[in-house]
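The values are calculated or read from the model by the stated rules, or taken from the named source; none is laboratory data. From a predicted model like this one, the values you see are computed outputs, not experimental measurements. When we count neighbours, we look across all protein chains shown, and the Cβ atoms used for this are built from the backbone with ideal geometry, even at glycine.
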Amino acid sequence: MSTSTVVVDSLATGVEITADALRLILADGREVTAPLAWFPRLLEATIDQRNHWRLIGGGVGVHWPSIDEDISVASLLRTS
């Protein structure tokens, strides 16, 4: 396996958003945090829009319907 390949065995079970960060809580106990600035749609969204999310694909990602934003666990693990 290449060192640039990420294998994701974990699924998201929850999401927390602060004024400046996005945190995904993973089923295996890990937490992945990234600056909100990496996600312009979330950064510009209202608090209500940020808090209106749902897990997609059984936890492979998160979707925010009111701002049409999708973020995958794999993408956060690759960039964190």
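Here are some notes:
- Contact map, region 58-78: residues that are on the phi > 0 side of the Ramachandran plot and assigned to a loop (DSSP other than H, G, I, E, B) paired with residues that are crowded, with 17+ Cβ neighbours inside 10 Å and modelled with pLDDT of 95 or more, Cβ distance under 7 Å, separation 6+ or inter-chain. Pairs shown: Gly59/Ala12.
- Identity of the residue in region 27-57, of a type in the set (D, E, K, R) and assigned to a strand (DSSP E or B), that ends up nearest to Glu16 (Cα to Cα): Glu31
- Number of the exception - Ala21 against (1) modelled with pLDDT of 95 or more; (2) under 14 Å from Ser72 (Cα atoms): (2)
- Of all residues in region 32-53, those that are within 24 Å of Ser10 (Cβ to Cβ) have Cβ atoms under 7 Å from Cβ atoms of residues that are surrounded by fewer than 13 Cβ atoms within 10 Å (Cβ to Cβ) and among the charged types (D, E, K, R), 6 or more apart or on another chain, in Pro35/Asp20; Leu36/Asp20.
- Of the residues making up region 34-65, those that are polar (S, T, N, Q) and either touching a Pro at 6+ places or on another chain (Cβ under 8 Å) or loosely packed, with under 14 Cβ neighbours inside 10 Å (or both) are Thr46, Asn51.
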